[in-house]
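The values are calculated or read from the model by the stated rules, or taken from the named source; none is laboratory data. Predicted, not measured: the structure shown is a model, and the values here were computed from it. Counting neighbours? That spans all protein chains shown, and the Cβs are built from the backbone with ideal geometry, glycine included.
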Amino acid sequence: MKADLIEEMELPVVEVDLPRKRVVASFNYVRRELRAASHSILSLFDQAIVSATAFFTAAIIGRMTSPDELGLYYTTLAIILLVIGVQDQIIAVPYMFFAKRFEGRAHAEYAGSVWLHHAALTVATMVGLVGAIAFFTIQGSTSLLPGLWALLVAAPLILFREEVRRFAFADLHIGTAITMDVVVSVAQVAGLLALGYFGELTLFAIFGVMGGSCALAAVVWLVLRPAQVEFRPERFRSDWKHNWAFGKWALRGHLLNSSIPYLMIWLVNFAIGPAAAGILGACSTLVGITRVIQSGITNVLTTQASYAFSSGGWPALQRLLLRNTLFLGVTLGGICLVFVATGDYLATLVYGDLYHGAGPTLIALARATLMSGFSVVAGNGLWAIDRARSNFIADICCAVGMIASAAVLVMPLGAFGAALATLIGNTAATIVRVAILLRAWQSDLESGHGAVREGATG
């Protein structure tokens, strides 16, 4: 009787599995968000180091030489920056997307193939530089020859350092990238100051110091975190085809879009003169403070966007893109207002009175960088949903707008005209990318795939 009474008084069992799962899911979500935020902050810090190095390099050259010499420096630097961009699109970016799909030995073999791709690009660069030296020697353009000869020595080291940085970011080893960039910054700035003090700040010496600094960073990388690499020659071709199928669209877009600002330096140099190219380059470096933020976000946004869409579908991707767009709008927009308020004061403060009147160029380039930031966010969204080809369409619009504007504006306005052309092209690319991304989302929404992708974990 007592047992029956107890049995009747037993309370129903409370189901606790569902609340527990929700707590665990919420905890994991917060942890992922905090980890992503920490990576973004570290990436911003690293990009600040890189941009500060470029800033002090240009300031030292501008202060201790002439606008003509600074223009020749930027004209030569544009070559290696163009090659670095190609390296990013066909080697580094595919690695960022595909490396996580391999584990253990397979990952080491894939990394080995990518390093062989890097070596092939480096050899091609050296051959191209030899051809350029021969061409300008025949043409009698001797002013560029010292820089080209210096690049012939420094380019392999500079490219190696950049590739290691990209590998570090792809594997989220941001501390390694920061350490390397600190070494480069200290060695490069100290070396240039020493050259300037002794009156030996020539193009050859400048790029020699840059190459030597990258060599020191490579040694640091080999000590801290050498890559786990296994070379299998039979994989070289298949991995290249796989990476090329993805990277070719990014490369085409880069050649149409991102490479044009480098070519703009050459256009201004040949159309107006090296002094005008020096002003354009000096203003680009000053505006580089905005690129600290943009590049810092981009270094981790590519990986984050891919993961967000694969794990959480459109809702997760939208949250990520909107958060980054808002952040860039507030930060880059605020910096643009600073340039508008100060005019050419910052240019004369850093480089001297010879750069008086550079204010309009600074403001136009700052606005161009703001539009570029928005464009990059939308472009990463298109990459994440596997629509790299759509990015290419936007890059065509950017190139057409920039080239057409430059043809009209550079001759009468010089460096300011080049800056306006850059702003026009970046604005066109941003509008097209955002429109394509919104159209893709709407299409998936109408087809029933706009919430969360099949198999996503949320």
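When you look at G191, is it assigned by TED's automatic domain parsing to the domain that holds E103, free of Cβ contacts under 8 Å to residues at least 40 places away in the same chain and not in a helix (DSSP H, G or I), yes or no?
Considered against the rule, which asks whether it is assigned by TED's automatic domain parsing to the domain that holds E103, free of Cβ contacts under 8 Å to residues at least 40 places away in the same chain and not in a helix (DSSP H, G or I), G191 comes out as no.
Hey, could you check segment 82-107 for residues that are of a type in the set (G, A, S) and modelled with pLDDT of 80 or more and say which is farthest from I385 (Cα to Cα)?
G85
Filter segment 120-160 down to residues that are in a loop (DSSP other than H, G, I, E, B) and of a type outside the set (S, T, Y) and give me whichever is nearest to Q87 (Cα to Cα).
Looking at the filtered set, the residue picked out is L144.
Please tell me if I90 is under 30 Å from L349 (Cβ atoms), in a helix (DSSP H, G or I) and among the hydrophobic types (A, V, I, L, M, F, W, C).
Answer is no for this residue.
From the list G373, G329, G381, which one is modelled with pLDDT of 85 or more, of a type outside the set (A, V, I, L, M, F, W, C) and over 18 Å from V292 (Cα atoms)?
G381
Can you go through R235, R291 and tell me which one is of a type outside the set (D, E), closer than 17 Å to I91 by Cβ and part of a helix (DSSP H, G or I)?
Unique residue meeting the criteria: R235.
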